[in-house]
1. For the range 138-195, which whole percent of the accessible surface, found with a 1.4 angstrom probe, sits on carbon and sulfur atoms?
2. Given a Förster distance of 30 Å, report the FRET efficiency between N170 and Q67 from their Cβ-Cβ distance, rounded to the nearest 0.05.
3. Between L20 and D136, what length comes free when the chain is fully extended (0.36 nm per residue of separation minus the Cα-Cα distance, one decimal in nm)?
4. Quick check: at a probe of 1.4 Å, how many percent of the accessible area of the range 83-123 sits on carbon and sulfur atoms?
5. Considering only protein heavy atoms, what per residue accessible area in square angstrom results for the range 1-130 with a 1.4 angstrom probe?
6. Tell me which residues come under 5 Å, amide H to amide H, from R197 once H is placed; ignore anything under 5 positions away on its chain.
7. Taking 0.36 nm per residue of sequence separation and subtracting the Cα-Cα distance, how much length would be gained by fully extending the chain between R27 and L108, in nm to one decimal?
8. Using 1/(1 + (r/R0)^6) with R0 = 41 angstrom and r between the beta carbons of A10 and D129, what's the FRET efficiency to the nearest 0.05?
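The values are calculated or read from the model by the stated rules, or taken from the named source; none is laboratory data. Since the model is a prediction, treat every value here as computed from it, not as a measurement. Neighbour counts are summed over all protein chains in view; Cβ atoms, including those assigned to glycine, are modelled from backbone coordinates with ideal geometry. Note: areas computed on protein heavy atoms with side chains; ligands, DNA, RNA excluded. Shrake-Rupley method; radii C 1.70, N 1.55, O 1.52, S 1.80 Å.
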Amino acid sequence: MQVGYCQGMAFAAGVLLMYLPEEPAFRLFQRLMQGGPGLRRLYLPGLQPLKLELSRFELLLGTHHPQLHQHLLDAGLPALLYAAQWFMTSYSCPFPLHLTARVMDILLQSDSDAIMPRLGLAVVGAMQDQLLDLDDFEALITHIKVTPLAWPMHQHREVFQAALNSPATNAELAAAAQAAAAEYQKMGRLSSFSHQRLLRQHTSGGTQQLELSPGPLGPRTEAAAAAAGELPSTTAAAVPTTMADEASSSLRGMPLLQQQQQQEVAELKQLDDATAALQPEKKQVLAQ
């Protein structure tokens, strides 16, 4: 058995049990885990697929909210510190029940997990103006985690509607997933895509395709690049990498900064440490 009990599962199962008897709830939970949404992957040992999902979310956030994305990274706040909880609990923590129930409806009706990153983009997008006014790490993470709880019901509905009408297309979701997987395969680690964006380019045949292109550096990242003598040239920034064939093309961008690499490794280690800390609880539950 690859997946036993993992913290986060209980939130999704609990929401279903609030609306359905045990047997129908179990069947729907099984559909969420093993059906089209495929949420089972988020709970695999090592949480590698979850980390890839967070890396994809970073790229989507940088594409649709580049200023906010860079602002959060400059403050030392990657997506794994707030979005991991959203994805693992299917938005049942810390969001109110009525929003979580709508997420479950969309997951089951669409037989896809596309609502997960789209809702994350809508949530942070709704807080963008306030977040850009904050510079302190503690203030930022507190605002992200606490503010949605204080929203009135109509604002939750507006945010959810924004997620349903998200500009993040299916093609972008697929391209971002490919980029996250390719970056991990190439570098042996996950990327926060602090200086890359997805851009839609027109090909000579008149069709469109998504490409991974360099984006602007934030103040802290730029300072680190200047100190290391690694500021990208305009020539390098002007050459995008196509994502039409992940197997045959490597994703290129500006040179990765050593300080950024160290920071991302440390961030992923935080998630690994948190996972390890849950193992005693997991063994205790399985023993019962």
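1. Numbers: 1540 of 2690 Å².
Taking all protein chains in place, the range 138-195 shows 57 percent carbon and sulfur surface.
2. Here the calculated transfer efficiency is 0.75.
3. Stretched out fully, the L20 to D136 stretch lengthens by 37.5 nm.
4. Carbon and sulfur: 52 percent of the exposed surface of the range 83-123.
5. 38
6. It is S213, G215, by chain and number.
7. On the way: separation 81, 0.36 × 81 = 29.16 nm, distance 1.12 nm.
The R27-L108 span can extend by a further 28.0 nm.
8. That pair, A10 with D129, gives E of 0.75.
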